[in-house]
Amino acid sequence: MSAPDLTALDAAGAAKLLAGGEATAVELAEAYLERIAADSDGINAYIHVDAAATGAQAEAASDASGPWAGVPIATKDLLSTSDMPTTCGSRILEGFRPVYDATAVAACRQAGLVSLGKANMDEFAMGSSNETSYFGPVRNPWDPSRVPGGSSGGSAAAVAAGHAPWALGSDTGGSIRQPAALCGIVGLKPTYGAVSRFGLVAFASSLDQVGPMTRTVDDCAVLLSIIAGRDPRDATSTGLHEPVEVTRSERLDGVRLGLPRQFMDEGIDPQVREVIDANLRQAVELGAAVVDIDLPHAEYALSAYYLIAPAEASANLARFDGVRYGLRVDADDITSMYEQTRAEGFGPEVQRRIMIGTYALSSGYYDAFYGQAQKVRTLIAEDFRRAFERCDVIVGPTSPSVAFGVGERMDDPLAMYASDICTIPVNLAGLPGMSIPSGLVDGLPVGFQLIGPAFSENRLLSTAWTLEQAFGFDTVPERLRTAGAAGAG
Amino acid sequence: MTISADDVRHVARLARLHITDDDATRITGELDRILDHVGRIAELDLEGVEPTTHVLDLHGVHAADEPHECLDHDEAIANAPRVTDGQFSVPRMQS
C-alpha cells in the first residue's frame, strides 16, 4: 500500500481505506505503531504499545466482518485489557496484567477494532492535565508546551496528533470532555449506566462512565453504539433506551438551547466566552433559540464533587495493598507493608485524594461532609430537571480556559480542580455531556459543551452534528497541517 | 485551621499511608485549603433535602442465582507479588 496520511484520518476514513482495499488491518496498525514510536513531538500519548498484541488483533480483525473491523483505536489505561498491561498511570500497578477484558474493551474487540495500545492518563484518573501520570506527562499536539487536559489526556492527544483515529476515555468529573476540548476533538460522556463499568478500574463508582473520543460527531455516534449496552456484570448499567441515531439536519429550527449564566460568568476566560457567544450566534442563524437558564447550585458542584469523588476513591483504592497484585514494598509486619507499599506506589495527588476521602468518611465528619454533599447532589440534579422544562439542550463552554502551560497549576490543587467547573455538575446529575471543538483562542482549541437529559444521547449527537458542520473546525492541529501532508509528525 | 497535623497523621493511619513528619506538615496545609473550599456547602440550607443514593431511578437489580465460571486458581494468583505454596503470601500479622 502507499503509506496513508494518518494526520487527519478519522475512523470513518480508516474504515473506507480498509473497505476499498487500500490498506489491510495489519498495514494500518503498523503505520500507526510506526508513527507512535517516532513521536516526533514527544506527545507521550501512550503508556504501553505492544506490536505483537496489536498485530494479533489486526490478524484476527482481517477475518472479522462488520463495517469497523480492522479500524485501530487507543484504549485508556484505566480499562482492563487481557492482552496488554493495565497500569492506570500508577506505579502501584506497573506491569499489572488483567486476566480479563473490560466489557467496553470486549465490545470493541467484538466489532473487530484493533487496540494500538494503552493511552496515558492522570494517575487513577485523578487530574485535569495528565501531569500526575507516573509514566510522564502528555503534551498537547496543538502546542507541546501546554497540557492536553485530563484525565484522558493520552486518549485526546493521540486522536488530535493522528496517533489513533479514535479512542476510549473515561469521565468522572470531566475527564473525557475537558481533554477533548483542550485538544480540539469530540468527546462524549454518556448517561450514567449507558456503558458498562465492568473492568474499568474504579475511581468514583457513582460518577465514572466510559465514552468515545473522536475527530467527528459521526465517529462518536458509532463508537457509542459499539460500547453502550446493559451488562449483567455491572448492575448499574442499563444501556441506552433507543438505538444510536444521528439526525443529520442542516438546521436547528425549534431547538431551544439553554445557556446557564453560571457557565458564562467571570470564572470563564473572556476570550473563551467570546468564542461561545459567536457559536451561539451561529446556532441562532440556523434557527435555534437561546434561552437564559439558571443552575443556582452549580457553584457548589465543585465542593460537593471534591467530597464525593475522594470519598468513593478512598474506598475503591483500598484494594491496592501489595497482597494480590501490583507493587509490594517489603516490611516486617503487615501494617508497615501496607503503609510503605501505598506511600511508594501512589503519587502525591492520589494520596491527597485518599486523605480527603478518608477524612470525609471518618467518624464524626461523615454527616457534615459526605452526607451533606449527597444532598447538594440532589439539588444540582433538580436544577437540571427544572432547566430542561425550558430548553432541549444546555450549552456553554466545556472548560473555563484553553490549554494551560505544563507545570502551571501543579502546585495549586484548587486551581487545577477549577478546570472542571463546567463539567462536574453533569457527572453529579448522571447526565450525558458532550464537547465539540468550536473555535480557537490564541491558536488553541475551545470546546463547546452540550448537556441533555438522561438518555438523550441522540438529541445531543444530532444537535452536535449540525453545529459541527456550521463551525467547520479543522481538527488537525495547525502546526501539523503542512507536516501531515509530507507524512511526518 | 480545619485540620491539624495530628488529624492528618490519624487519617494517614486509617488510610494505610506512611507519611513522614515533613509530609504531615505539607499535607495539613494542602488539606486545610481544600477542606475550607469544600466546606462551602455548609452555606446551604439542606434541611429536608434527600441525599442522592443513585442518579437514576433504578431499583431491585437482581441476577439469577446460577453458577458460572470464575477465575481459576492460577489466574487468581498470577499477579501476586509474593506467593507461597500457591497462596498469597504476606508478612506476619502481629509484630
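From A:54, A:81, A:86, which residue is outside any loop (DSSP other than H, G, I, E, B) and among the hydroxyl-bearing types (Ser, Thr, Tyr)? Talk me through it step by step, then tell me what you get.
On the way: A:81 fails: outside any loop (DSSP other than H, G, I, E, B); A:86 fails: outside any loop (DSSP other than H, G, I, E, B).
Of A:54, A:81, A:86, the one residue that is outside any loop (DSSP other than H, G, I, E, B) and among the hydroxyl-bearing types (Ser, Thr, Tyr) is A:54.
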message = Any residue at all in region A:248-262 that's more than 14 Å from chain B (Cβ to nearest Cβ), assigned to a helix (DSSP H, G or I) and touching a helix residue (DSSP H, G or I) at 6+ places or on another chain (Cβ under 8 Å)?
response = yes
query = From the set of residues in region A:58-78 that are outside any loop (DSSP other than H, G, I, E, B) and out of contact with any helix residue (DSSP H, G or I) (no Cβ under 7 Å at 6 or more places or on another chain), which is nearest to residue A:18 (Cα to Cα)?
reply = A:63
key: Failed item, numbered, when residue A:393 is tested on (1) buried (at least 24 other Cβ atoms within 10 Å of the Cβ); (2) touching a Phe, Trp or Tyr at 6+ places or on another chain (Cβ under 9 Å)   = (2)
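For residue A:383, are the conditions met, namely being more than 11 Å from chain B (Cβ to nearest Cβ) and touching a strand residue (DSSP E or B) at 6+ places or on another chain (Cβ under 6 Å)? It would help to see each step written out before you state the result.
Working: more than 11 Å from chain B (Cβ to nearest Cβ): yes; touching a strand residue (DSSP E or B) at 6+ places or on another chain (Cβ under 6 Å): no.
Here the answer is no, as residue A:383 does not meet what is asked.
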message = Tell me whether region A:420-440 contains one or more residues that are within 15 Å of residue A:148 (Cα to Cα), within 14 Å of chain B (Cβ to nearest Cβ) and within 17 Å of the chain's Cα centre (by Cα).
response = yes
request  = At least 3 residues that are closer than 27 Å to residue A:353 by Cα and hydrophobic (A, V, I, L, M, F, W, C) in each: list the helices (runs of 4 or more DSSP H) lying fully within region A:403-481 that qualify.
outcome  = A:413-417, A:424-429
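Being touching a strand residue (DSSP E or B) at 6+ places or on another chain (Cβ under 8 Å) and without any contact (Cβ under 8 Å) to a residue 12 or more places away in the chain is the filter; apply it to region A:292-332 and report the residue that is farthest from residue A:391 (Cα to Cα). Break it down stepwise before answering.
Step one: of region A:292-332, the residues touching a strand residue (DSSP E or B) at 6+ places or on another chain (Cβ under 8 Å) are A:292-295, A:298, A:323-324, A:332.
Retained after the next criterion (residues that are without any contact (Cβ under 8 Å) to a residue 12 or more places away in the chain): A:323-324, A:332.
On the way: A:323: 52, A:324: 50, A:332: 62 Å.
Top of the filtered list is A:332.
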key: Among residues of region A:274-295, those that are surrounded by 15 or more Cβ atoms within 10 Å (Cβ to Cβ) and under 30 Å from residue A:208 (Cβ atoms), counted   = 5
query = Tell me, which residue of region A:304-341 that is more than 7 Å from chain B (Cβ to nearest Cβ), under 23 Å from residue A:126 (Cα atoms) and of a type in the set (S, T, N, Q) is surrounded by the most Cβ atoms within 10 Å (Cβ to Cβ)?
reply = A:341
query = Which residues, taken from region A:414-464, are modelled with pLDDT of 95 or more, under 17 Å from residue A:178 (Cβ atoms) and of a type in the set (Phe, Trp, Tyr)?
reply = A:448
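Let's see how each residue does on (1) modelled with pLDDT of 95 or more; (2) more than 25 Å from the chain's Cα centre (by Cα):
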| position | (1), (2) |
| --- | --- |
| A:7 | no, no |
| A:14 | yes, no |
| A:25 | yes, yes |
| A:45 | yes, no |
| A:48 | yes, no |
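Can you tell me which residues in region A:187-234 are in a loop (DSSP other than H, G, I, E, B), polar (S, T, N, Q) and closer than 16 Å to residue A:457 by Cβ?
Keep residues of region A:187-234 that are in a loop (DSSP other than H, G, I, E, B), which gives A:190-194, A:196-199, A:201-208, A:215-216, A:229-230, A:232-233.
Within this subset, residues satisfying the condition of being polar (S, T, N, Q) are A:191, A:196, A:205-206, A:216.
A:191, A:196, A:216, listed by residue number.
The values are calculated or read from the model by the stated rules, or taken from the named source; none is laboratory data. Treat the numbers as computed from the prediction; the structure is a model and nothing was measured. Ideal geometry is used to build each Cβ from the backbone, glycine not excepted, and the neighbour counts take in all protein chains shown.
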